[in-house]
Amino acid sequence: MAALQVHLLLVASLLSSLGAGQCLVQDAALLSYMDQRFLALERRLEKCNQDVLEYVEEFREFSKAVLSRLAGLSSGRAELQRQVEGLLTRAEHAQRDIDYFGSTTDSNACVEVHKDLLEQQLLEEEEEKKRLKLMFNATCDHVLAGVRSLKVVKKTGAKHGSWMKDPGKKHPKIYLLSGSVNNVVLEFANIMAFMEDSQSLKAHRIPLPLPWEGTGQVIYQGFLFYHRHGSLNEIIKFNIQKRKVAGQMLLPGAGRIPAYQLSAHTKIDLAVDEQGLWALHAEPETGGNIVITKIHAASLAVQHSWDTPCSSRAAEAAFMACNTLHVLYNSPSGGSSRALCVYDVLGARTNPGLQLPKRQGGHSTVHYNPREKQLFAWGDGSQIIYKLHTEQKV
């Protein structure tokens, strides 16, 4: 029995030793595998580091090459600039030589050419005057001599605006355009309907697809002509009966400064007289003086332009009457409006001095109606009619 117990203990001890040895073998294999993996990672990191160093070296070489090329371009540019400067110097010398030789030659031929050019220019100016007289058909044989009467027709309250009849139509309709920026025209059957207090009930509202700017609108032969709001110098032609835009044009040189210093909201002032449609505006190139442009109402084509001696400074309004510009001047605080500058496009002699009856304030708009020989004015919210006195031209 005792011998059997000893035998069993020996067997258990042997089995335990064999299991421990097997675990040692497995641990050694795992350590060997991990060591190999670390060695592989180190080799890959070393290769990556080597590649980065090579890329850095290549970039340095590329940078040196680019800098070298840029330096060459700079030197080439400097050389080209020197050559151009040399050519300019030679051209200046050649021009001085040409001027010298030209001054030593006989100049009689040049004088004859200049005389021919002057005669041609005078001839062209005379032909232009004849053409303008034919175009205007010489229908204006009178001048404005004064104001017969003043009548305040209504007071709508808006500080700026314009109101008018259509001088190209025989109907008695009145049109009201309130404000310096708006897109609704009020049409009244006649002056009596306009004068009634309930004017909003008596008026037809005519919406415009494009709003106006300023107070320089006119209605002529069934069309409303106005400066489009938001544009520099675009003029819109609107068919009142058909309620649609019938044409557009750009007025050269206009829209950069106000037409009148005391009415800064108006950049382009349109006008109608016995000869049709005109545009009045000021330009910086003329020193702020007013420019007159004759426009063909049907085609919106520019027919002719005139630079006038009439300044826009201290001016509040202007109108055309019988080919003649009348510019009204006033003080900033308001007072008596006087036509201190009058300019006839055909060169006839005119005498300024037309004075509107004194009122408090100034005028936002003054437009001439050639059919009725009246001024339709807007002054501090009031709609005014000035009846004019005319005299024969001398």
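Quick note: the coordinates plus some simple rules give every number you see, no bench work behind them. Keep in mind it's a predicted model, so treat the numbers as computed, not measured. Virtual Cβ from ideal backbone geometry, glycine too; neighbours counted across all protein chains shown.
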Task: Members of LYS155/LYS202; LYS159/LYS244; LYS155/LYS387; LYS244/LYS294 lying beyond 22 Å, as alpha-carbon distances in this model show - done: LYS159/LYS244; LYS244/LYS294
Task: Mean Cβ neighbour count within 10 Å, used as a protection proxy, ranking 175-182, 275-282 highest first - done: 275-282, 175-182
- [ ] With θ set to phi - 60°, apply the Karplus curve 6.51 cos²θ - 1.76 cosθ + 1.60 along region 371-377 and write out the HN-Hα couplings as whole Hz, x wherever there is a Gly or Pro.
- [x] 5, 9, 6, 9, 9, 9, 10
Open item on the list: Going through the cross-link list LYS165/LYS242; LYS169/LYS242; LYS151/LYS393; LYS173/LYS267, which pairs have a Cα-Cα distance over 21 Å in this structure?
Closed with: LYS151/LYS393; LYS173/LYS267
Open item on the list: Past the 26 angstrom mark, what percentage of all C-alpha to C-alpha distances in region 141-392 do you count?
Closed with: 32 percent
Open item on the list: Could you give each residue of region 217-227 its phi-based ³J(HN,Hα) in whole Hz, using Karplus coefficients 6.51, -1.76, 1.60 with θ = phi - 60°, and x for Gly or Pro?
Closed with: 7, 9, 10, 8, 6, x, 10, 9, 10, 7, 7
Task: Extent along principal axes [Cα atoms of region 203-244; Å; largest to smallest] - done: 28, 19, 17
